[in-house]
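The values are calculated or read from the model by the stated rules, or taken from the named source; none is laboratory data. It should be emphasised that the depicted structure is a prediction, and the values quoted were computed from it without experimental measurement. Cβ placement follows ideal geometry from the backbone for every residue including glycine, while neighbour counts extend to all protein chains displayed. For the accessible areas, the whole protein counts, side chains as well, though only heavy atoms, and no ligand, DNA or RNA atoms are used. Shrake-Rupley method; radii C 1.70, N 1.55, O 1.52, S 1.80 Å.
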Amino acid sequence: MSTSAESAAAPLRVAVLLSGRGSNLGALIAAAREDRSYRLVGAFADKPEAPGLALARAAGIPTQVCVPKDYVDKAAFEAALFAAVAASGADLVVLAGFMRVLGAESVEAWRGRMINIHPSLLPKHQGLHTHARALAAGDAEHGASVHFVTPVLDDGPVLMQVRIPVLPDDTAESLAARLLPQEHRLLVAAVRLIAQGRVRLQGEQILVDGEALRAPM
Ligand code: GRF
């Protein structure tokens, strides 16, 4: 006889990679308190001083730091980093403010199992300084995207987006501040959907509930 706890699907094991503040990790930690569909198995940083590491430690999540200068080259750094990620038992890798462009080998090894949160309405404004660039472009709307990671920076298939209006007196700072809580909701929603087993990447195509996703959710 099985109890309901035994028959429930095992939680998705999620590893988070970050370089800084870690507010997106904080949102995942907070949501995981009420949501058993996923579990944070590790927080990994390329900078020992990344404030996000303290958030993980306070929540009892194992942390690991891999600093690129400690390795002979980028490939060796990434090999060590992703060996640690794999050792955590992660099913899904979330890049949440991880400020490095990953090599094709790491990306291919985790294809369909690695997502990134980017603060723009992709394909608009790939790369850095997205809030200032949205303003400079005169965009009426700004937002954030969660996408699967492919070898080209900020270019993989987009699963979900959130949109906010650009207000007449917005600055890059005010836009970033208004967007951040929406980013947090977006990332949690995306991880939950994946944890529910509803999302799959087939080539460059995202399937949700077995159906091709034609536009970001
Ligand atoms: C977020 O704006 C995220 O979209 C971008 O980097 C920032 C990370 O913020 N990729 P935090 O470290 O999660 O607070």
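So the values come out like this:
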quantity	calculated
Residue in the stretch 37-44 that is in contact (Cβ under 8 Å) with a residue 40 or more places away in the chain, hydrophobic (A, V, I, L, M, F, W, C) and under 14 Å from MET99 (Cα atoms) present	yes
Strands (runs of 3 or more DSSP E) completely within the stretch 75-191 that count 3 or more residues being away from the ligand (no atom under 11 Å from the Cβ)	141-148, 158-165
Residue within the stretch 65-72 that is part of a strand (DSSP E or B) and away from the ligand (no atom under 16 Å from the Cβ) present	no
Those residues of the stretch 59-75 which are out of contact with any Asp or Glu (no Cβ under 9 Å at 6 or more places or on another chain), open to solvent by 30 Å² or more (accessible area, probe 1.4 Å) and not hydroxyl-bearing (Ser, Thr, Tyr), in sequence order	ALA59, GLY60, PRO62, GLN64, LYS69, ASP70, VAL72, ASP73, LYS74
The stretch 192-212 - residue that is touching a residue at least 12 places away in the same chain (Cβ under 8 Å) and assigned to a loop (DSSP other than H, G, I, E, B) and, of those, surrounded by the fewest Cβ atoms within 10 Å (Cβ to Cβ)	GLU204
Residue that is most open to solvent (accessible area, probe 1.4 Å) [pool: residues in the stretch 79-97 that are over 17 Å from GLY52 (Cα atoms) and under 14 Å from the mean Cα position of the chain (by Cα)]	ASP91
Scope the stretch 16-58; condition farther than 22 Å from ALA189 by Cβ, open to solvent by 30 Å² or more (accessible area, probe 1.4 Å) and assigned to a loop (DSSP other than H, G, I, E, B); matching residues	LYS47, PRO48, GLU49, PRO51
Which listed residue is at pLDDT below 95 and among the polar types (S, T, N, Q), from THR130, THR150	THR150
ASP169 surrounded by 19 or more Cβ atoms within 10 Å (Cβ to Cβ) and without any contact (Cβ under 8 Å) to a residue 60 or more places away in the chain	no
Inter-residue pairs, beta-carbon under 8 Å, first of a type in the set (D, E, K, R) and in the stretch 11-27, second more than 9 Å from the ligand (Cβ to nearest atom) and in a strand (DSSP E or B), 6+ apart	ARG13/TYR38; ARG13/ARG39; ARG13/VAL41; ARG13/LEU92
Inter-residue pairs, beta-carbon under 7 Å, first without any contact (Cβ under 8 Å) to a residue 60 or more places away in the chain and open to solvent by 60 Å² or more (accessible area, probe 1.4 Å) and in the stretch 98-109, second part of a loop (DSSP other than H, G, I, E, B) and within 16 Å of the ligand (Cβ to nearest atom), 6+ apart	VAL101/LEU153
